[in-house]
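Asks: Input: one structure, supplied below.
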Amino acid sequence: MDHRSHDLYVARAMWSIGRGDAKFWISVAVLSSLVAAGFYAYVYQVQRGLWVTGLNQKVSWGFYIINCVFFIGISYGGAMTSAILRLTNAKWRAPLTRIAEATAVAALLVGAIYPIIDLGRPDRFLYVVQYAQVGSPVVWDLVAISTYMLASLVFLYLPLIPDLATTRDSMRPSLLRRIYGVLALGWIGTVGQERTLQRGIAIMAVLIIPLAISVHSVLAWLFAVTARGGWHSTIFAPLFVLAAMLSGVAAVIIVVAVFRKVYSLQQFITAKHFRYLSYLLIALGMGYVYFMVSEYLTEGYLLDASTTPVLEAIFIGTYAPAFWSFSVLGLLLPLVLAALPGRFLIGRACIASGLVIAGMWLKRFLIVVPGMAEPVMPWDWGRYAPTWVEVTITIGTAAAIPLILILFFRFFPVMSVHEMEEVEGTPEPRGVVLVPSYGSGGDE
Amino acid sequence: MTGQVSRRQLLGTLGGLGAGALAAGFVPIAFAEAEAADTGPKRQWAMVIDMRKCDGCKACTVACQETHHLPTNFEWIKVFEVHDKQGGAYFMPRPCFQCETAPCLRVCPVAATFKTDEGVVLVDQDRCIGCRMCMAACPYGARYFNYADPPVVSNPFQKPTPEFPVPQQKGTVGKCMFCVHRSVNGELPACVEGCPMKALWIGDLVEDVATNGDETVRLSTFITENDAFRYKEELGTGPRVYYIAGHGQLLDF
Amino acid sequence: MRRILIAFGAIGLATVFLLGPGRSLLPGSLRLQAPAGALVAPAPDAVATTHDGHAASSASATRPAIVPPPDGARVDVSTRRATPAEQGYVVETKVVSRDGKPVNDAVVRFYEQVDFFGPREELIGSARTDGQGAAAITYLPSSTGPHDIVVRFAGQESLVPSVGTASFEASVAAPPYHTDQPALLAFTRLVPYAAGAIVLAVWGLIAFALFGTARGIAVSADQTYAKEDTA
């Protein structure tokens, strides 16, 4: 990488810091009002009780549990993509890792509040810590999610340290500069610092993969340890993990595409990146098809009394429209779209990812709701239809993810400068990285 | 990538932490079952439901709801009308089965659900956080969540206890508990007393006795001689409710 | 006249004493249950037999005294150890009419007096009398200690229903009830310890990655500055 593209990369990466154009403020305003609407719906629910939702005595888990699984799944892709790319030392990772890691944290923050939204007594949430019963999958969830969140934050922070120093050095003395200085831990780029940092990142990259797997395994066991026909399945944990990775990679593709466009990163995030991410999407999608076939084949072949009603409802009954649109539109079509050679690669990857994300949400619905609605005393099916409260909260929390990302990248570089230099090499040794100050270089 | 962690350092950290975890122990945290399963001289409550005598009048449900001040959709003992493949129909009342190894007990994150030393599964509604994991885990659908405020109880000084959770608390889970608040006073469970067909029997597995209010029998003999079965016994939950199969044939009109 | 008055008074007192408090202590359902035994003063032929030298326990205070009707058949009850001993006890009864003739082919029901939601008679078996008017069941009590047996003869042809009682001290009883916990459950209790150790190790690693790195960066920066100072 020559001087010119190096400087341009740095300029693009830091372009959004401190910048607030009309687009930024409009996005923030729209997303914030959606989040506020969701918050209003939650307050409404807390004041009145969970009866304002569509939940009932038979179907006592609904949108909230689906969303919890869904959003934590979205967060996976970010963490896993970044960790895998780092561990395999993929050279093309530099412009992607920051966006992937930030998406992971944002989606995780949103997903992790859903169990609390779902509680009948959110005021007693801390009882889970105080009276923790290690035998309960809910406690496993708490431990796994909090550990994973801690690890995700550290995993986002460590590679950020050199970039924080870069940002610090690019600023005039101010309070903000001092905050960056504190966060940068006195980074000046010595050999010893570099070694220490790489060790920390390596530990986290190795750790984040089993942690991510543990979170979705535990979420799956929330269902699989019960005696319900649609849920009591040994394949649930790997199925959930794969589903999470699939939807997560799809989310990374979309987020990267959006930031590429909005932040003008076309020169650095190229079709090549989308091709590689598409490969990842296809591989995970094929894996998911395989797991699903394995699950439904073993259950559908035996057709024992507890699973048959659920399978009937999914394949030919009430939930058949949802299931077949998921299978065809949310799984097979995106795989074909992403795999086809030819033009419009980025557009196809984005459409495929959007379909996969929608499909994976539907799939979670198909796991939670029919499994609940299947009567345990086998004589009357439960019904579930969400109310405006659940829908509003869902939209509000979904809007919170881009909001968190936009705000995050207002303060931090959107692409990792340090990592680019590490992969591509610095053009020539310099005492201080020359960084354009605010506002320069964004308008080329 | 030059991620170098000294192996000794890593192993030392891991070993130290592992030892710490074991030393610190999880003493205050234990499986809820640890306190269960007392085999002392106390009662071990059980129930026998004679479907040869049930005519599906739902008097048991009504009696239960009156005793516990429950709304009408809270059927802690629920009467199902079952149509079998032979074209016949019968009624199957379903209380809580007070399972020996209760799935609801194991999944509760805060031990709000616990088992008394008389084998009855109770819910401490002052502890329950309303996660509804137990409702997902119960294979019999015996648990009910208070989505809305429970009906107002006439006695404002009534303080709910796990044995007599009246009034119910919004946002928590409630269920049948064999009317342990009545049995301490020597009163039959509300449903047993309310059953006009005398189809419900409350029993004690320790003294091996069961009564429906009129007759008193030896529980084990009664179960064996009438080929009583336990619903979904194959799940290994060890339900404490026995059913005598039938379709109301012992009713005389 | 005076003797008649005294007799009336005695009967009245006895009635008040036995029926009054007795009734109020009994739940309504139990009153429906005692068709044969009348609640009057014990008659001399209500023989409580014992064996192994133990004194018969008296019925608990809340229990009604069971007395055969004066015009009923005589129902003698006795208990003995069964062979083999693990089978418990043989409760034998002999039903003889007032004129000394054995009552054969009559249904007799055996009850034990229990305190279960108030005093109740628990049905423990039934049998038919043979040519000698004798019938027996084998009975393994649920607990050791005193047991009160009631045998009820439902009546036959001109014979009105009658009752007999016996008490005995049991030294053999059915095995106590115990709950079967799956053996694997004990094993699974170890799992949390392993899981807890892993969780703590992971937390330690994260802390090491964060604080170790932070400290390392700070230390390396100091060293560099130190080098620059000495240079």
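Asks: Nothing charged except the Cβ atoms of Lys and Arg (+1) and of Asp and Glu (-1): what's the magnitude of the dipole of the protein assembly as shown about its Cα centre? Round to the nearest 20 debye.
Replies: Magnitude of the dipole: close to 2560 debye.
Asks: Just to check I understand the Karplus step: with θ = phi - 60° and J = 6.51 cos²θ - 1.76 cosθ + 1.60, what whole-Hz values come out for region A:2-18, glycine and proline as x?
Replies: With the stated coefficients, region A:2-18 comes to 7, 4, 5, 6, 4, 5, 5, 4, 4, 4, 5, 4, 9, 4, 7, 5, x Hz.
Asks: Same structure again: Compute the angle between helix A:63-87 and the longest alpha-carbon principal axis of chain A, please, reported from 0 to 90 degrees and rounded to the nearest 10.
Replies: 40
Asks: If you don't mind, another one. Round to the nearest 0.05 the FRET efficiency obtained for C:ILE198 and C:SER126 when R0 = 56 Å and r is the Cβ-Cβ distance.
Replies: Calculated value: 0.35.
Asks: Just add up the charged neighbours of A:SER152: K/R +1, D/E -1, any other residue whose Cβ is under 15 Å from the Cβ of A:SER152.
Replies: Residues close to A:SER152 contribute a combined charge of +1.
Asks: Semi-axes of the equivalent ellipsoid for chain A, please: Cα gyration tensor eigenvalues, times 5, square-rooted, ordered largest first, whole Å.
Replies: 41, 24, 20
Asks: Further question: What do you get when you divide the Cα radius of gyration of region B:159-253 by 2.2 N^0.38 Å, with N the number of residues?
Replies: 1.24
Asks: Can you tell me the 0 to 90 degree angle between the C-alpha axis of helix A:271-302 and the longest principal axis of chain A, rounded to 10?
Replies: 20
Asks: On to the next question. Can you check what the net charge comes to around A:THR53, using other residues whose Cβ is under 11 Å from the Cβ of A:THR53 (Lys, Arg +1; Asp, Glu -1)?
Replies: Overall, the nearby charge balance is -1.
Asks: Over all residues in C:108-114, what is the mean tally of Cβ atoms on other chains that come within 10 Å of each residue's Cβ?
Replies: Mean inter-chain Cβ contacts per residue within 10 Å come to 2.
Asks: Based on alpha-carbon centroids, what's the gap between region A:44-121 and region A:268-331 in Å, whole number please?
Replies: Cα centroid of region A:44-121 versus Cα centroid of region A:268-331: 20 Å apart.
Asks: Around C:ALA170, which amide H atoms from residues at least 5 apart in sequence, or from another chain, sit under 5 Å from its own amide H, with H modelled in the peptide plane?
Replies: C:GLY145, C:HIS147
Asks: Would you mind giving the mean number of other chain beta-carbons within 10 Å of the Cβ of each residue in C:170-176, as a whole number?
Replies: 1
Asks: Right, next: In deg cm²/dmol, rounded to 500, what helix-only [θ] at 222 nm does chain A give when every DSSP H run of at least 4 residues adds -39500 (n - 2.57) and the total is split over its residues?
Replies: -24000 deg cm²/dmol
Asks: Something else: Within region B:50-90, list the residues whose amide N lies under 19 Å from a label point set 7 Å along Cα→Cβ of A:ALA305.
Replies: B:50-52, B:79-90
Asks: Work out the charge dipole of the protein assembly as shown with +1 on the Cβ of Lys and Arg and -1 on the Cβ of Asp and Glu about the Cα centre, then indicate which of A:ALA352, B:GLY248, A:PHE240 is farthest towards its positive end.
Replies: Projecting each Cα onto the dipole axis, the largest value belongs to A:ALA352.
Asks: At 25 °C and a viscosity of 0.890 mPa s, what translational diffusion coefficient does Stokes-Einstein give for the protein assembly as shown, taking Rh as the Kirkwood radius over Cα pairs? Give it in µm²/s as a whole number.
Replies: The diffusion coefficient I find is 75 µm²/s.
Asks: For chain A, find the longest principal axis of its Cα atoms and tell me its angle to the long axis of helix A:94-118, 0 to 90°, nearest 10.
Replies: 40
Asks: Just counting partner chain Cβ atoms within 10 Å, what average do the residues of peptide B:134-143 show around their Cβ?
Replies: That works out to 6 on average.
Asks: Once the dipole of the protein assembly as shown is set up with Lys and Arg at +1 and Asp and Glu at -1 on Cβ about the Cα centre, which of A:HIS273, C:LEU185, C:ILE66 lies farthest towards its positive end?
Replies: After comparing all options, I get A:HIS273.
Only the coordinates and a few stated rules stand behind these numbers; no lab work does. All values derive from a computational prediction rather than experimental measurement. Cβ coordinates were reconstructed from backbone atoms using ideal geometry, including for glycine residues, and neighbour counts include every protein chain displayed.
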